[in-house]
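A short write-up of the structure that comes next.
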Amino acid sequence: MAASIRSLRNGILPVDDASRDDIVVGDVVSVSALAPATSYAWVLAFVPAGSTATFSGSSTAVSPGNFTVDLPGPYLVRLTTDASLPTETTQYVRLRVLTPSLNLRLVAAGERRDSTGVIPVDASPEGWANDQNYNLQTLEAAIATAGSGAAIFSLPFTFSTASPAVVCPLGATAYVLHTRVFISTPFDDPAATIEVGVTGTPSALQGVGDNDPAVAATYISDETYPSSGLTNVILTLTPAASTAGSGVVFVLVHNP
């Protein structure tokens with residue numbers, strides 16, 4: 001029987017034999033084999049540069065446990081099983097964390113699709129999918145780097161977004177011209193709050209009193225905030241007891 005992977009985000013929302021794009025930084029992701037086998041070999045074949053994500057359990061068990069998502073980017077999980085057959089079988093799933101840079105998604109990472117479903121195409125952790133993951137990560141890093149001129153950055157968020165979340169970098173001589181918080185789905189706890197600021201000053205651009213996450217609307221702040229050094233524009237979200245709610249924060253930055 002072919003290798004078969006189930007992934008769970010925070011112990012819920014199981015997805016079987018398919019990649020997913022609903023992971024966010026701070027999630028605890030667990031994986032397990034669905035098909036019985038005589039041996040299992042799990043590998044985190046690719047993680048974003050700088051990530052320290054590792055499986056919490058044994059890499060040769062039915063489930064290697066879980067790992068904590070610590071950086072945006074793609075995480076590629078590989079499972080190789082042996083069911084006492086002449087050949088082993090391998091399956092890959094991509095657990096994709098969207099980044100602030102235009103919500104780029106990686107398509108077909110380590111897999112192709114035909115009439116029978118998803119077929120892995122990697123032969124090793126150093127194969128095609130890793131090159132694609134690395135190329136996308138490099139592109140995202142280039143887009144997110146503060147350059148000259150004006151640039152608009154956006155960061156989608158939900159009630160479960162890990163906080164504080166980086167919206168964009170802010171160069172040493174840059175300044176913020178404009179911020180906007182758009183609430184598309186109201187948060188269902190009126191005690192929820194949202195702030196937009198910079199590293200060290202979470203409410204510098206939009207404070208708690210400048211928006212209401214419980215009301216679907218667009219909240220605008222026309223601020224001119226100079227950078228005091230290399231830092232980040234951040235979103236600080238306090239969802240209180242919310243179980244629903246989503247939106248997008250937009251930031252207009254000028255880099256001389």
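The values are calculated or read from the model by the stated rules, or taken from the named source; none is laboratory data. Since the model is a prediction, treat every value here as computed from it, not as a measurement. With ideal geometry, Cβ positions are generated from the backbone for all residues, glycine too; neighbour counts draw on all protein chains shown.
Every residue, every condition in (1) modelled with pLDDT under 85; (2) over 24 Å from Val24 (Cα atoms); (3) polar (S, T, N, Q), yes or no:
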{"position": "Gly147", "(1), (2), (3)": "yes, yes, no"}
{"position": "Ile152", "(1), (2), (3)": "yes, no, no"}
{"position": "Gly171", "(1), (2), (3)": "yes, yes, no"}
{"position": "Ala174", "(1), (2), (3)": "yes, yes, no"}
{"position": "His178", "(1), (2), (3)": "no, yes, no"}
{"position": "Ile194", "(1), (2), (3)": "no, no, no"}
{"position": "Val208", "(1), (2), (3)": "no, no, no"}
{"position": "Pro213", "(1), (2), (3)": "no, no, no"}
{"position": "Thr238", "(1), (2), (3)": "no, no, yes"}
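Do you know which of the residues in region 178-198 that are aliphatic (A, V, I, L, M) and either more than 17 Å from Thr218 (Cα to Cα) or without any contact (Cβ under 8 Å) to a residue 40 or more places away in the chain (or both) is surrounded by the fewest Cβ atoms within 10 Å (Cβ to Cβ)?
First, pick out the residues of region 178-198 that are aliphatic (A, V, I, L, M): 181, 183, 191-192, 194, 196, 198.
Filter once more, keeping what is either more than 17 Å from Thr218 (Cα to Cα) or without any contact (Cβ under 8 Å) to a residue 40 or more places away in the chain (or both): 191, 198.
Numbers: Ala191: 12, Val198: 20.
Among residues in region 178-198 that are aliphatic (A, V, I, L, M) and either more than 17 Å from Thr218 (Cα to Cα) or without any contact (Cβ under 8 Å) to a residue 40 or more places away in the chain (or both), the one surrounded by the fewest Cβ atoms within 10 Å (Cβ to Cβ) is Ala191.
Which residues, taken from region 1-20, are within 19 Å of Asp70 (Cα to Cα), surrounded by 18 or more Cβ atoms within 10 Å (Cβ to Cβ) and either out of contact with any strand residue (DSSP E or B) (no Cβ under 9 Å at 6 or more places or on another chain) or modelled with pLDDT of 85 or more (or both)?
Of everything in region 1-20, those that are within 19 Å of Asp70 (Cα to Cα), surrounded by 18 or more Cβ atoms within 10 Å (Cβ to Cβ) and either out of contact with any strand residue (DSSP E or B) (no Cβ under 9 Å at 6 or more places or on another chain) or modelled with pLDDT of 85 or more (or both) turn out to be Ser7, Arg9.
Tally the residues that are touching a Leu at 6+ places or on another chain (Cβ under 6 Å) and either outside the structural domain of Val215 (by TED's automatic domain parsing) or within 16 Å of Val97 (Cα to Cα) (or both), restricting the search to region 158-184.
Qualifying residue count for the region: 4.
Take the conditions surrounded by fewer than 17 Cβ atoms within 10 Å (Cβ to Cβ), aliphatic (A, V, I, L, M) and modelled with pLDDT under 90 and apply them to Ala49. Does it pass?
Details: surrounded by fewer than 17 Cβ atoms within 10 Å (Cβ to Cβ): yes; aliphatic (A, V, I, L, M): yes; modelled with pLDDT under 90: yes.
So Ala49 passes the test.
Just checking, does region 219-232 include any residue being on the phi < 0 side of the Ramachandran plot and within 21 Å of the chain's Cα centre (by Cα)? Working first, answer last.
Applying the first criterion (on the phi < 0 side of the Ramachandran plot) to region 219-232 yields 219-228, 230-232.
Applying the additional criterion that residues be within 21 Å of the chain's Cα centre (by Cα) yields 231-232.
Yes.
Would you pick out the residues in region 21-40 that are exposed (fewer than 15 other Cβ atoms within 10 Å of the Cβ) and among the charged types (D, E, K, R)?
Of everything in region 21-40, those that are exposed (fewer than 15 other Cβ atoms within 10 Å of the Cβ) and among the charged types (D, E, K, R) turn out to be Asp21, Asp22.
If Leu102 satisfies every condition in (1) at pLDDT 85 or above; (2) under 25 Å from Val233 (Cβ atoms) but one, which is the exception?
Every listed condition holds for Leu102 apart from (1).
So which pairs qualify, if the first residue must be in region 219-240 and more than 14 Å from Gly197 (Cβ to Cβ) and assigned by TED's automatic domain parsing to the domain that holds Thr158, the second must be loosely packed, with under 15 Cβ neighbours inside 10 Å and modelled with pLDDT of 85 or more, the Cβ gap must be under 7 Å, and the two must be at least 6 apart or on different chains?
Cβ pairs passing all conditions: Ala240/Ala191.
Residue check, Ala37 against (1) farther than 23 Å from Ala165 by Cβ; (2) assigned to a strand (DSSP E or B), all met but one. Which one?
Of the numbered conditions (1) farther than 23 Å from Ala165 by Cβ; (2) assigned to a strand (DSSP E or B), the odd one out for Ala37 is (2).
For region 162-174, state whether one or more residues are crowded, with 20+ Cβ neighbours inside 10 Å, in contact with an Asp or Glu (Cβ under 9 Å, 6 or more places away or on another chain) and not charged (D, E, K, R).
Within region 162-174 (the criterion being crowded, with 20+ Cβ neighbours inside 10 Å, in contact with an Asp or Glu (Cβ under 9 Å, 6 or more places away or on another chain) and not charged (D, E, K, R)), the answer is no, since none of the residues qualifies.
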